[in-house]
Amino acid sequence: MRDYLLTLCVTAAVTYLLTGPVRKFAIAAGAMPEIRARDVHREPTPRLGGIAMFFGLCAGLLVADHLPNLNSVFELSNEPRALLSGAALIWLIGVLDDKFEIDALIKLGGQMIAAGVMVMQGLTILWLPIPGIGTVALTQWQGTLLTVALVVITINAVNFVDGLDGLAAGMVCIAAAAFFLYAYRIWYGFTIEAAAPATLFAVILMGMCLGFLPHNMHPARIFMGDSGSMLIGLVLAASAISITGQVDPDALKIFEGSTREATHAALPVFIPLLLPLTIIAIPVADLVLAIVRRTWNGQSPFAADRGHLHHRLLEIGHSHSRAVLIMYFWSALIAFGTLAYSVHSASMWIVLVIVALSAIGLVLLLLPRFTPRAPRWAESFVPPRYRRRAARPEAPEPEASPSYGAEERAPVPAGVNGATALSARPELHDRRKAGTRG
């Protein structure tokens, strides 16, 4: 665990320290697109934050390669090299898209190629544990198609949810934390060496997101762009593919008996293996709803709109920060609820806690305009928006000036600044239209 914490800290530190220079580079390179109709930010914000996240990934893999307890992952498996190859390709495509706005079909093709590169180097699904049947071995084509589909779905799910400041990085960080706990338990709890790469990928992904979040929280100073959202989506998919396709369910030896009986009895333990997308259930649900909505309206599934879940939270009255926190809450509830149920499926307390937390989440969704107020003694420790506002004495009306008291002035229309209110200055507008400086 100490080596994992060191890898996490190094990845987060490199990502955090490089994000500032990357922001200046993005501004100089002109990677600041104009505000679109579906955007929620009000000022042009630089993108290309994925550059810092990619170098954080490289730093994490480099440090892990030199640690004695993690070096075996690189010696016994080719999966870290496969991840780095696919990540470099998808990152390059994302950088080009952040700068030049690549067509959606070209990006989709690049995602499939990146997934194919990882499959060619051994990062693929070999078998699946199916309840009631047992372990089903997949052919090479079946494993390749399933791996590519999982990578493409995960990348686009993370890309679709990247619509608010800090939303995608925080949700992926929560999913990676839950997945790390599960993979760490499989590796050290059941001494299965094949789960080591997935554990390493999850902790590096956590570091990438934690290092970028301080720069990306509302109001964001930089966006990760497609170079970052597609990158963390690919790393998350690689973690799920590694532990799903490489870990033999029979090696767990949780229950005795035939393979079919053992697989059926150990279904709660296999939940993260069978359904790796549960850790990003919210982004996947948003992806499916977006495709159905756009197709129903006669639009392309890749056409952008303002119908995502985070947009709907803003429309019903939630603030930017509260909408992000609500999405965090539901992501954590689904990810850690699945993890807890897979560990202690026989405990009824886990189900009751999940139901109670779900009720709390529904209450938060139905109270968009409720603003909590801190008690008097805690006001100095909370932000100003949570403090009780003291009643302000009404200010006396100013007396009319002697020189202007008898003169009635025309009301100034709303939204007009002082210079325009005093004079229309048509000659200034004419000069500006002619291209001269006034």
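Annotations for the structure displayed:
- At R0 = 56 Å, FRET efficiency that the Cβ-Cβ distance of Asp65 and Arg376 yields, to 0.05: 0.55
- Annotation: amide H of Trp127 within the under-5 Å range of Leu138, sequence separation 5 or more or interchain, hydrogens built in the peptide plane.
- Ranked by the mean number of other Cβ atoms within 10 Å of their residues, highest first, the peptides 179-185, 351-357, 285-291 come out as 179-185, 285-291, 351-357.
- Per-peptide packing, taken as the mean over residues of other Cβ atoms within 10 Å, places 136-148, 232-244, 93-105, 153-165 in the sequence 232-244, 153-165, 93-105, 136-148 from highest down.
- Whether the range 147-222 is rounded, prolate or oblate, judged on the alpha carbon gyration tensor where a/c under 1.5 counts as rounded: oblate
- Ordering 8-14, 72-78 by mean Cβ neighbour count within 10 Å, with the highest value first, yields 8-14, 72-78.
Each value in this text was obtained by applying a stated rule to the coordinates, not by laboratory testing. Being a predicted model, the structure only gives us computed values, none of them experimental. All Cβ positions, glycine included, derive from the backbone under ideal geometry; neighbour counts span all protein chains shown.
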